[in-house]
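> One structure is given below, represented as structure tokens, and several questions about it will come after.
The values are calculated or read from the model by the stated rules, or taken from the named source; none is laboratory data. This structure is a prediction, so every number in the text was calculated from the model and none was measured. Positions of Cβ are generated from backbone atoms using ideal geometry, with glycine treated the same way; all protein chains shown enter the neighbour counts. When the accessible area is computed, the model is the full protein with side chains, heavy atoms only, and any ligands, DNA or RNA have been set aside. Shrake-Rupley method; radii C 1.70, N 1.55, O 1.52, S 1.80 Å.
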Amino acid sequence: MYKKILVPLDGSAASECVLDHVHRIAGKGTEVVLVRVVAKPTYDYLLRDAQLQACLDEEFTEEAGLYLKKAAASLKKAGVTISTCVLPEQGPVADIIQGFAKRSGADLIAISAHGKTGLIGRLLGSVAERIVHHARIPVLMVHP
């Protein structure tokens, strides 16, 4: 049914609950793309050394890549292609995910309703809610 399913993960167990659902709906010939946006903190006030900042940024990106590979291993299914992508972009996470979905040709975004956002997310609005309200493709939202 779906040719390419985009699955944003944030590293939390709550975000990973969507993987079981994706495993069930992904059919032969489906490509599943696991994505993690790496929100890099600003070090300007702590670190003045640009080389050290770049090193830390690279470490965050590597960690995210390893996490996605581990999550991908749990999704192995015959006939399903699984890939991973770390997005080290800056900006609103929902916008980054939606932009990537468009660029990659995804025809479904599968996301958990709750990730790491906690109280701040409830006050400002969650990434999942923003994706549901603004996505140009279907969204499967799973509650943990």
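> Which one of these does VAL139 not meet: (1) open to solvent by 70 Å² or more (accessible area, probe 1.4 Å); (2) at pLDDT 95 or above?
If we test VAL139 against (1) open to solvent by 70 Å² or more (accessible area, probe 1.4 Å); (2) at pLDDT 95 or above, just (1) comes out false.
> Identify, by number, the condition in (1) modelled with pLDDT of 90 or more; (2) aromatic (Phe, Trp, Tyr); (3) open to solvent by 50 Å² or more (accessible area, probe 1.4 Å) that TYR45 doesn't meet.
(1)
Table: residues versus (1) assigned to a helix (DSSP H, G or I); (2) out of contact with any helix residue (DSSP H, G or I) (no Cβ under 6 Å at 6 or more places or on another chain); (3) at pLDDT below 95.
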position	(1), (2), (3)
MET1	no, yes, yes
LEU6	no, no, no
ASP10	no, yes, yes
GLY29	no, yes, yes
GLN51	yes, yes, yes
CYS55	yes, yes, yes
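> So, one more: Can you spot a residue in the range 107-115 that is under 13 Å from the mean Cα position of the chain (by Cα) and at pLDDT below 85?
yes
> Moving on. Give the residue that is nearest to the chain's Cα centre (by Cα), with candidates limited to residues of the range 64-103 that are polar (S, T, N, Q) and outside any strand (DSSP E or B). Show your work before the answer.
Narrowing the range 64-103 to residues polar (S, T, N, Q): 74, 81, 83-84, 90, 98.
Among the residues that remain, those that are also outside any strand (DSSP E or B) are: 74, 90, 98.
Working: SER74: 16, GLN90: 14, GLN98: 10 Å.
For the range 64-103, the residue satisfying everything is GLN98.
> Now a separate question. Looking only at the range 57-75, count every residue that is among the hydrophobic types (A, V, I, L, M, F, W, C) and either open to solvent by 80 Å² or more (accessible area, probe 1.4 Å) or free of Cβ contacts under 8 Å to residues at least 12 places away in the same chain (or both) and tell me the total.
Pass one, the range 57-75, residues among the hydrophobic types (A, V, I, L, M, F, W, C): 60, 64, 66, 68, 71-73, 75.
Next, only the ones that are either open to solvent by 80 Å² or more (accessible area, probe 1.4 Å) or free of Cβ contacts under 8 Å to residues at least 12 places away in the same chain (or both) stay: 66, 73.
Of the residues in that region, 2 qualify.
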